[in-house]
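Working notes, beginning with the structure itself.
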Amino acid sequence: MSFFRRPDYQSDTTQFINKLKEQKPELDKQQQFGRSLLWDKEIDRDVQKEYSEGRVAQKPYVYQTNS
């Protein structure tokens, strides 16, 4: 054991999260469900490639007029 080790220190934030998880045990499943709605999606590589190929290059200075 280290001489400088704090005995089982937990920050206020960690204590809050642990207490919240004790009060609402379904919280983890709700978070995973929310993540699946926004992030865990299958990507169609062919469609993604078409989007990339159809992209128009931006001018170096977009506010410059063509005059």
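The values are calculated or read from the model by the stated rules, or taken from the named source; none is laboratory data. As the structure is a computational prediction, the values presented were derived from the model and not from experiment. So basically every Cβ, Gly included, is an ideal-geometry build from the backbone, and we count neighbours across all protein chains shown. Note: accessible area is taken over every heavy atom of the protein model, side chains too, but ligands, DNA and RNA are not part of it. Shrake-Rupley method; radii C 1.70, N 1.55, O 1.52, S 1.80 Å.
Check each of the chymotrypsin sites (Phe, Trp or Tyr not before Pro) in the chain and keep only those in coil by DSSP with at most 13 other C-beta atoms within 10 angstrom; list them in order.
Those satisfying the criteria are 3, 4, 9, 39, 61, 63.
Where in the chain is the longest stretch that carries no trypsin sites (Lys or Arg not before Pro) classed as loop by DSSP and with at most 15 other Cβ atoms within 10 Å?
My reading of the result: 6-40 is the longest stretch.
Go through [x] 64; [y] 80; [z] 47 and flag the label whose value is the computed percent of Cα pairs over 14 Å apart for this structure.
Here percent of Cα pairs over 14 Å apart agrees with entry [y].
Using the heavy atoms of the protein chains alone and a 1.4 angstrom probe, what is the accessible area of the range 2-67 per residue in square angstrom?
111 Å²
Give me the lysines in straight-line cross-link reach of residue 29: C-alpha distance below 29 Å, same-chain residues under 8 apart excluded.
19, 21, 41
For labels at residue 46 and residue 61 in the simple 7 Å Cα→Cβ model, what's the distance in nm?
According to this spin-label approximation, the distance is 4.4 nm.
What residue among 54, 65, 4 has its Cα farthest toward the positive end of the dipole of the chain, where the charges are +1 on Lys, Arg and -1 on Asp, Glu, each on the Cβ?
4
Roughly speaking, to the nearest percent, how much of the chain's 1.4 Å accessible area is carbon and sulfur?
Roughly 53 percent, rounded to a whole number.
Just in the chain: which GluC sites (Glu not before Pro) are loop by DSSP and have at most 11 other Cβ atoms within 10 Å?
26, 42
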